[in-house]
1. Check the stretch 34-54 and report whether any residue there is surrounded by 10 or more Cβ atoms within 10 Å (Cβ to Cβ) and of a type in the set (Phe, Trp, Tyr).
2. Residue pairs, Cβ under 8 Å, 6 or more apart or interchain, first in the stretch 74-92 and in the same structural domain as residue 53 (by TED's automatic domain parsing) and surrounded by 11 or more Cβ atoms within 10 Å (Cβ to Cβ), second hydrophobic (A, V, I, L, M, F, W, C) and modelled with pLDDT of 85 or more. List them.
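The values are calculated or read from the model by the stated rules, or taken from the named source; none is laboratory data. On a predicted model such as this, the values are computed, not experimentally measured, just so you know. Cβ placement follows ideal geometry from the backbone for every residue including glycine, while neighbour counts extend to all protein chains displayed.
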Amino acid sequence: MSYLAGKISVVTFALTYLLVLVAVAAVLFVLGSILFGRGEELPALPKGTTATVLPADDVAGADVDAVKFSLVFRGYKASEVDWVLDRLARQIDELRAELDEVQGARAGIEANAE
């Protein structure tokens with residue numbers, strides 16, 4: 001009889017543990033729902049607009065790090081990625097042209113100094 005009583009107490013303990021675990025999970029779920037909302041999705045952005053942002057001039061590394069792209073069915077929205085890459089390519093070309101001008105002017109000054 002004590003063997004059967006031992007089995008019952010193990011089953012009772014397991015069921016009590018499971019019940020407490022489910023109750024704690026339910027309380028955490030309710031608290032999370034209250035704190036973070038019900039999870040409604042925001043409406044889609046109107047066509048032709050984007051949440052992807054870069055400054056109008058002087059793109060810095062931190063700006064590139066902060067870029068976020070919208071997700072579509074197959075990944076990132078290609079038009080946003082293309083826009084950012086085109087913008088960065090133009091900025092790089094402008095900076096390289098400016099650097100070439102400065103280096104050319106410095107070479108001219110050094111040549112005149114000699």
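1. Of the residues in the stretch 34-54, the ones surrounded by 10 or more Cβ atoms within 10 Å (Cβ to Cβ) are 45, 50-54.
Next, only the ones that are of a type in the set (Phe, Trp, Tyr) stay: none.
Scanning the stretch 34-54 turns up no residue that is surrounded by 10 or more Cβ atoms within 10 Å (Cβ to Cβ) and of a type in the set (Phe, Trp, Tyr).
2. none
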